[in-house]
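One structure is given below, encoded as structure tokens.
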Amino acid sequence: MSTPRFSVVIAAYNAQRTITETIDSVLAQSETDFEIVAIDDGSSDGTLQILLGYAAVDERVRVASQSNQGVSAARNLGVAKATGELIAFLDADDVWHSGKLARHAQLHDSEPAVEASFARIAFCTDRDGTLRAGRTRSSVPAGACALEDVIIENAVCTMSNLVVERQALLAIGGFDRTMRHVEDQDLLARLVGNGHVLRGIPETLVGYRMSADGLSCDFAAMLSAWKDLAGRWAHRIDVQRGEALYCRYLARRALRSGSTTTLARSFVRRGLTSDRKAFFSGGPRGVMTAGAALAGGALPARAR
């Protein structure tokens, strides 16, 4: 098999309930010049057997397994085994729009200076294993991302959204395997902070599975890890302003995920305490986030 344009790296741990839908969304891509590098991170369920089943019938699917070492180590192993020019990450419970890889290829072809790209995502609910179309979407900043876009607002939102040149990824050293939370923002901060160009596509190309009791929604741990990350970049960002905006972001995430409004309110209070002006900056988002948290309702469209 010739060297593919894209290497799709999927790190999976006990994902037998969702991995089939995830891989099928890759195999349904209109852009077919890809390989899938799936890493089983020591699963105790049927994840590895499902992956091997795909590899047995499609030569584009390659599988490796390791003892459980965490998502960062699994992704790093996937990158080490990847052969494509562009690395596209996908979590084992998310899905892609059929045009995702084609759209990223168009951007990288038309703007060679862009070394990494992402798109908008749809926040999807998971009911009894069925992924339902999300009503909320992420936003994409205009132009190339600044350090604050990735450290504070987390514009990329999820690794399932990121496509990055393999050489740029290797240049910054990959993922920090010691991190359990915000390891994605840490990688993006090193990418942007070291001068690599990251740009968004204003189209919804990823379905992100929301689960109120999952790792992706362990908000207290996320905030603690974020503060450590922000501290390392304190010479280049306003950490106090950043905490206010990050708490606003976490409040929105809590409201989207179906967590209690008490949790969302706690992030609103913390954000206002850190920097009230920053919390309400950038248009109506702060007011609407605070209002939704206090009222116990859904986020208005302009606050999403």
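Derivation of every value follows stated rules applied to the coordinates shown; laboratory data play no part. Note that the structure is a prediction, hence the values are computed from the model and not measured. Neighbour counts run over all protein chains shown; Cβ positions are idealised from the backbone, glycine included.
Report, in debye and to the nearest 20, how large the dipole of the chain comes out about its Cα centre when Lys and Arg carry +1 and Asp and Glu carry -1 on their Cβ. Kindly include the intermediate steps, with their values, before the conclusion.
On the way: 35 positive and 34 negative charges, 289 e Å.
Here the chain has a charge dipole of around 1400 debye.
Rounded to two decimals, what is Rg over Rh for the chain when you use alpha-carbon atoms and the Kirkwood radius?
Details: Rg = 18.6 Å, Rh = 19.5 Å.
Ratio of gyration radius to Kirkwood radius: 0.95.
With the contact rule set at Cα under 8 Å and sequence spacing of 6 or more, what percent relative contact order holds for the chain? Don't jump to the answer; show the numbers that get you there.
Details: 592 pairs, mean separation 50.9, N = 304.
Relative contact order, the chain: 17 percent.
What lysines does Lys277 reach when the alpha-carbon gap must be under 24 Å and sequence neighbours fewer than 8 apart in one chain are set aside?
Lys227
What FRET efficiency would be calculated for the residue pair Thr260, Arg137, taking the C-beta separation as r and a Förster radius of 22 Å, to the nearest 0.05?
Numbers: r = 23 Å, r/R0 = 1.05.
Computed FRET efficiency for Thr260 and Arg137 comes out at 0.45.
To make sure I understand the rule: partners must be aspartates and glutamates, Cα under 12 Å from the Cα of Lys100, and not fewer than 8 residues away in the same chain. Which ones qualify?
Glu31, Glu203
How far is it, in nm, from the label point at His235 to the one at Ser30 when both lie 7 Å from their Cα along the line to the Cβ?
4.6 nm
Just in region 13-77: which GluC sites (Glu not before Pro) are loop by DSSP and have at most 12 other Cβ atoms within 10 Å?
Details: sites: Glu21, Glu31, Glu35, Glu59; in loops: Glu31, Glu59.
The qualifying sites are Glu59.
What distance in nm separates the simple spin-label points at Leu170 and Thr204, each placed 7 Å from Cα in the Cβ direction?
If labels sit at Leu170 and Thr204, their model points lie 3.8 nm apart.
What value, in deg cm²/dmol to 500, does the helix sum -39500 (n - 2.57) over DSSP H runs of n ≥ 4 give at 222 nm once divided by the residues of the chain?
Details: 11 runs with 127 residues, N = 304.
So the calculated ellipticity at 222 nm is -13000 deg cm²/dmol.
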